[in-house]
1. Please tell me if residue 93 is charged (D, E, K, R) and either outside any helix (DSSP H, G or I) or under 22 Å from residue 24 (Cβ atoms) (or both).
2. Which of (1) surrounded by 18 or more Cβ atoms within 10 Å (Cβ to Cβ); (2) touching a helix residue (DSSP H, G or I) at 6+ places or on another chain (Cβ under 9 Å) is the odd one out, the single condition residue 106 does not satisfy?
3. Quick check on region 68-91: of everything there that is of a type in the set (S, T, N, Q) and under 16 Å from residue 40 (Cα atoms), which residue is surrounded by the most Cβ atoms within 10 Å (Cβ to Cβ)?
4. Give 76, 90 a once-over and let me know the one that is in contact with a strand residue (DSSP E or B) (Cβ under 6 Å, 6 or more places away or on another chain) and farther than 26 Å from residue 205 by Cβ.
5. Here are some residues: 165, 136, 131, 153. Which one is of a type in the set (D, E, K, R), crowded, with 22+ Cβ neighbours inside 10 Å and not in a helix (DSSP H, G or I)?
6. Can you spot a residue in region 166-175 that is more than 14 Å from the chain's Cα centre (by Cα) and at negative phi?
7. Scan region 1-59 for residues that are at pLDDT 50 or above, among the hydroxyl-bearing types (Ser, Thr, Tyr) and either under 24 Å from residue 216 (Cβ atoms) or surrounded by 12 or more Cβ atoms within 10 Å (Cβ to Cβ) (or both) and jot them down.
Amino acid sequence: MTSTTEKQARAMSPTGGGLELQDVCLTLGDGDSTVAALDHVNLKVEPGELLAVVGPSGAGKSSLLAVAGALTKPTSGSVRVDGTDVSALSPSRQAALRRGRIGFVFQTGNLLPALTAMDQLRFALHVAGMRRTAPRDPGTLLEQVGMSHKANRKPHELSGGERQRVGIARALVTAPAVLLVDEPTAALDRVRSHEVVQLLADETHEFGVATVMVTHDHDVLEHCDRTVRMEDGRLIA
């Protein structure tokens with residue numbers, strides 16, 4: 001059964017937001033060692049869409065996530081998250097945007113070792129200033145990702161796939177408009193890889209999140225709505 005808070009979260013899902021990069025360039029280095037990490041990238045990810053980004057190492061995929069997540073300022077161009085121009089915000093407002101409207105999922109879950117699965121989600125809400133008005137109920141969310149029976153377990157007591165599921169739940173507990181996922185299946189076997197990406201797809205579609213997943217795992221692309229390729233800092237549809 002869907003809880004009241006989750007119904008509210010669905011109602012809050014962006015209808016005209018998502019993620020948009022317009023003519024984004026990112027130059028790294030100085031002088032002769034200058035590298036165009038991103039070269040005039042244009043990308044629109046709609047709410048409720050799971051986009052996969054593939055390409056060789058060094059193609060610019062990590063730079064794309066960093067710019068899209070307001071972690072790195074582009075050299076030129078604009079980034080919009082849920083309709084908000086990130087470059088127009090002060091550093092403190094950018095940080096608030098990251099905490100509340102952008103979710104991050106890392107390769108190995110990147111969980112805090114001293115916290116239980118439940119407390120990972122509660123801590124994310126606390127950092128985002130949502131402890132009293134959680135847009136999604138942590139207990140219900142853990143149940144949806146199949147981890148309610150291990151809510152009181154710490155990361156060292158969980159398998160790789162279980163840690164990744166908790167990491168996804170933690171990223172979604174603030175009901176973000178944009179979800180950025182970096183190689184979520186890198187440490188998982190084939191079965192667990194499909195389970196994790198299917199979970200991402202289900203959550204993306206149900207709650208209207210604009211999700212970008214960087215991956216080298218072509219076996220899981222069947223779960224994605226669209227795939228683009230990066231080469232030398234450029235996006236190739």
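The values are calculated or read from the model by the stated rules, or taken from the named source; none is laboratory data. Owing to the predicted nature of the structure, the values given are computational and were not obtained by experimental measurement. As a convention, Cβ positions derive from the backbone with ideal geometry for all residues, glycine included, and neighbour counts pool all protein chains shown.
1. So residue 93 fits the description; yes.
2. (1)
3. 72
4. Criteria check complete, one pass: 76.
5. 136
6. Step one: list which residues in region 166-175 are more than 14 Å from the chain's Cα centre (by Cα), which gives none.
For region 166-175, residues more than 14 Å from the chain's Cα centre (by Cα) and at negative phi: absent.
7. Hits for region 1-59 are 27, 57.
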